[in-house]
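Structure record follows, encoded as structure tokens.
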Amino acid sequence: MELLVASFVGVLTACGVYLLLRPRTFEIVLGITLLSYAVNLLLFAMGRLRVNAAPILRPDLPADLAHYADPLPQALVLTAIVIGFAMTALLLVIAIKSRADSGTDHADGDDGEGR
């Protein structure tokens, strides 16, 4: 399971970096979003991948992390998802406005014809 999650984080990061290096603004927004998802998955995996672990304390189990899921990475990922959605929406609005003002969706404002 750990190898699968680590591989998926690596693939998301590689795809995000590739899209960040593309010349069009929409691809850059997608690259930033993929990098955000990779970081969220990495944060979530930092809390140890546990199946059927109780998220709250039970009186019949000792109070150590061997028996419970760590709630901190889950809270961090939940917060990061909300911030990521807001950031993506803002970047899309800025990209649409830039496209309307410059007439092109290239990140550097060049339309490929030297204008």
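The values are calculated or read from the model by the stated rules, or taken from the named source; none is laboratory data. A quick note: this is a predicted structure, and the numbers were derived from the prediction, not measured. All Cβ positions, even for glycine, are placed from backbone atoms using ideal geometry, and neighbour counts span all protein chains on display.
Scanning the stretch 2-22 for residues that are surrounded by 16 or more Cβ atoms within 10 Å (Cβ to Cβ) and over 11 Å from ALA38 (Cβ atoms) yields LEU19, LEU20.
Applying a threshold of 8 Å to beta carbon distances and a minimum spacing of six or more residues, or different chains, the list of pairs starting in the stretch 5-34 at a residue that is closer than 11 Å to ALA107 by Cβ and ending at one that is polar (S, T, N, Q) reads THR25/SER98; VAL29/THR88. Every residue in the stretch 78-101 that is within 12 Å of VAL29 (Cα to Cα), of a type in the set (Gly, Ala, Ser) and surrounded by 14 or more Cβ atoms within 10 Å (Cβ to Cβ), please. The answer is GLY84, ALA95. Restricting the stretch 73-114 to residues that are of a type in the set (Val, Ile, Thr) and under 18 Å from LEU21 (Cα atoms) leaves a set whose member that is modelled with the highest pLDDT is THR88.
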